[in-house]
1. Please go through the range 8-33 and pick out each residue that is in a strand (DSSP E or B) and of a type in the set (S, T, N, Q).
2. Would you check if A53 is of a type outside the set (S, T, N, Q), touching a residue at least 24 places away in the same chain (Cβ under 8 Å), surrounded by fewer than 13 Cβ atoms within 10 Å (Cβ to Cβ) and more than 28 Å from T121 (Cβ to Cβ)?
3. Only one residue in L5, L36, L64, L46 is without any contact (Cβ under 8 Å) to a residue 60 or more places away in the chain, in contact with a Phe, Trp or Tyr (Cβ under 6 Å, 6 or more places away or on another chain), at negative phi and not in a helix (DSSP H, G or I), so which one is that?
4. Output the number of the condition that A75 fails; it satisfies all remaining conditions of (1) open to solvent by less than 60 Å² (accessible area, probe 1.4 Å); (2) touching an Asp or Glu at 6+ places or on another chain (Cβ under 8 Å).
Amino acid sequence: MKTHLNLASSDLEKSVAFYRTLLNCQPAKHLADYALFISEDPGLELALDFDNAVQSTHGVHFGLAVDSIEAVENAIQRLHSGEVRTTIEREETCCYAKQTKVWASDPDGRRWEIYTVHEETNQRDDAQCCRS
């Protein structure tokens, strides 16, 4: 089973470059007004449609859960190699769990996190991480 997302993009070429790096895969389709990524890890079909009137969404973010700190560190390296601006959080409490994660935003301002959970906690303590 795969999750399917369809996102509008005001600059398809910049978005393709970002998602190529984020997902660590090439698009299965790449046309002037459309791109489709099909990723096995994570199990995701991501369609990008050109739309020059994209509106930013405040308070929304997307996440990719991985199984280890090493996977997060690999994502950090990949994003930095692709010259993607990141914010890194190591062993921070967020959403009732201690996590290590890297944040990056796509060209239209959508925030993505790649994260792993170290342990569950009784504290939420996510005023900064999840809501900005």
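The values are calculated or read from the model by the stated rules, or taken from the named source; none is laboratory data. These figures come from a predicted structure and were not determined experimentally. Cβ placement follows ideal geometry from the backbone for every residue including glycine, while neighbour counts extend to all protein chains displayed. Surface accessibility is based on the protein's heavy atoms, side chains included, excluding ligands, DNA and RNA. Shrake-Rupley method; radii C 1.70, N 1.55, O 1.52, S 1.80 Å.
1. Within the range 8-33, S9 is the sole residue that qualifies.
2. yes
3. When all the criteria are applied, what remains is L46.
4. Here A75 clears every test but (2).
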